[in-house]
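J.: Okay, handing you the structure first.
The values are calculated or read from the model by the stated rules, or taken from the named source; none is laboratory data. If you're wondering where the values come from, they're calculated on a predicted model, not measured in any experiment. Glycine also receives a Cβ, built like all others from the backbone with ideal geometry; neighbour counts cover every protein chain displayed.
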């Protein structure tokens with residue numbers, strides 16, 4: 001598959017309706033949560049009004065999917081000014097920062113050429129972790145939107161190289177508008193109050209699924225008794241997901257509920273994965289907890305429909321895409337009060353909310369749903385109705401498009 005990576009000039013069409021040309025900048029070529037929402041946007045954006053271009057630092061699932069839609073995709077080197085914990089060791093931070101600054105101008109110039117050659121009307125940076133798009137937009141006097149999906153402060157997966165106040169000042173200075181996916185996340189960036197727009201993430205939801213069939217399919221895949229209940233955590237294996245609290249709750253639940261199996265779906269670093277395995281062994285949960293790795297993407301709906309309860313045990317979540325995916329399939333959710341999920345889950349109506357790092361509360365909530373299947377069923381049904389009304393792809397796209405349109409018209 002050949003990506004369109006040449007920065008050749010693409011002339012605007014000579015028509016009565018001039019499309020707004022948007023350069024979307026992704027910090028990553030893969031397909032995590034932020035990239036998934038960006039792909040949803042690029043797939044659904046009104047192509048009669050907007051002409052999207054994608055910039056990625058390397059080829060991956062995101063760039064391949066976008067290229068297959070016939071959109072121009074450019075690959076240019078970018079270095080994260082807020083790097084991840086696995087990319088820079090503690091003793092490398094100073095040298096990394098020095099190189100980051102020395103090469104920033106060259107990296108940004110490469111993007112200015114794309115902006116100028118393709119007559120870009122607006123640059124849209126999709127996460128807080130990369131700055132090159134914002135700098136290039138500033139250099140070419142092009143309006144810039146920063147769509148932030150994650151906090152910097154208190155984020156166990158990121159390594160801030162600058163004081164938070166300086167990050168805030170730069171983001172504010174280089175952006176006409178800042179978009180957040182939840183009010184909770186926006187509150188962690190108080191400097192942007194006048195520029196803040198809240199646009200909740202949205203997805204294209206599937207039709208209802210045969211939950212009995214899905215449950216049996218999961219049981220067969222895992223080699224467990226189909227009469228057993230399945231409680232799952234689904235997502236990347238990362239410290240902020242706090243799988244240890246999930247395991248602590250599982251340890252208490254299996255004491256009186258032998259017909260329950262707990263599954264941890266996802267993958268992560270070798271060190272963190274090993275720490276989860278060690279905790280499972282130390283708690284004597286080897287027969288009750290299964291690490292599945294990533295579930296096949298084409299069977300994800302089957303997974304989320306077939307489990308009995310989705311648990312989110314995280315310390316922090318900006319939104320909670322997996323939550324709305326599960327609720328759309330009528331699966332009840334138990335989540336910690338970790339930010340975004342508090343704006344997604346309606347306590348006692350579409351799910352249950354518990355305190356962060358409180359295994360006893362999590363245990364109590366899960367047992368309550370296991371012991372009251374009719375109540376759990378009611379939560380799931382109400383959950384589907386709620387997410388379809390509040391988090392549809394139509395709501396999401398309309399919100400983003402309106403922000404883009406206003407930003408360009410006010411430049």
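J.: Confirm whether residue 400 is surrounded by 22 or more Cβ atoms within 10 Å (Cβ to Cβ) and in a helix (DSSP H, G or I).
T.: Yes, satisfied.
J.: In region 254-270, is there at least one residue being in contact with a strand residue (DSSP E or B) (Cβ under 7 Å, 6 or more places away or on another chain), within 18 Å of residue 219 (Cβ to Cβ) and surrounded by fewer than 19 Cβ atoms within 10 Å (Cβ to Cβ)?
T.: Taking every residue of region 254-270 in turn, at least one turns out to be in contact with a strand residue (DSSP E or B) (Cβ under 7 Å, 6 or more places away or on another chain), within 18 Å of residue 219 (Cβ to Cβ) and surrounded by fewer than 19 Cβ atoms within 10 Å (Cβ to Cβ).
J.: Among the candidates 144, 138, 64, 149, which residue alone is free of Cβ contacts under 8 Å to residues at least 40 places away in the same chain and within 26 Å of the chain's Cα centre (by Cα)?
T.: When all the criteria are applied, what remains is 144.
J.: Output the number of the condition that residue 324 fails; it satisfies all remaining conditions of (1) out of contact with any strand residue (DSSP E or B) (no Cβ under 7 Å at 6 or more places or on another chain); (2) more than 20 Å from residue 245 (Cβ to Cβ).
T.: All conditions pass for residue 324, except number (1).
J.: Which of the strands (runs of 3 or more DSSP E) found entirely inside region 149-235 contain at least 1 residues meeting this: surrounded by fewer than 18 Cβ atoms within 10 Å (Cβ to Cβ)?
T.: Those strands (runs of 3 or more DSSP E) span 196-198.
J.: Considering each residue of region 126-141, count those that are under 12 Å from residue 23 (Cβ atoms) and either in contact with a strand residue (DSSP E or B) (Cβ under 6 Å, 6 or more places away or on another chain) or not in a helix (DSSP H, G or I) (or both), and give that number.
T.: Count: 5.
J.: How many residues does region 19-61 contain that are touching a strand residue (DSSP E or B) at 6+ places or on another chain (Cβ under 9 Å) and closer than 22 Å to residue 121 by Cβ?
T.: Within region 19-61, residues that are touching a strand residue (DSSP E or B) at 6+ places or on another chain (Cβ under 9 Å) and closer than 22 Å to residue 121 by Cβ number 23.
J.: Residue 69 fails exactly one of the following numbered conditions: (1) within 18 Å of residue 131 (Cα to Cα); (2) surrounded by fewer than 17 Cβ atoms within 10 Å (Cβ to Cβ). What is the number of that condition?
T.: With respect to (1) within 18 Å of residue 131 (Cα to Cα); (2) surrounded by fewer than 17 Cβ atoms within 10 Å (Cβ to Cβ), residue 69 is out only on (1).
J.: While we're on this one: Within the group 356, 387, which residue is under 18 Å from residue 245 (Cα atoms) and either in contact (Cβ under 8 Å) with a residue 60 or more places away in the chain or in a strand (DSSP E or B) (or both)?
T.: Answer to the check: 356.
J.: Further question on the same structure: Name the residue, out of 152, 85, that is in the same structural domain as residue 401 (by TED's automatic domain parsing), modelled with pLDDT under 95 and either in contact with a helix residue (DSSP H, G or I) (Cβ under 7 Å, 6 or more places away or on another chain) or within 26 Å of residue 53 (Cα to Cα) (or both).
T.: Only one candidate qualifies: 152.
J.: Do the conditions hold for residue 311, that is, is it assigned by TED's automatic domain parsing to the domain that holds residue 245, surrounded by 18 or more Cβ atoms within 10 Å (Cβ to Cβ), closer than 14 Å to residue 248 by Cβ and in contact with a helix residue (DSSP H, G or I) (Cβ under 7 Å, 6 or more places away or on another chain)?
T.: It is true that residue 311 is assigned by TED's automatic domain parsing to the domain that holds residue 245, surrounded by 18 or more Cβ atoms within 10 Å (Cβ to Cβ), closer than 14 Å to residue 248 by Cβ and in contact with a helix residue (DSSP H, G or I) (Cβ under 7 Å, 6 or more places away or on another chain).
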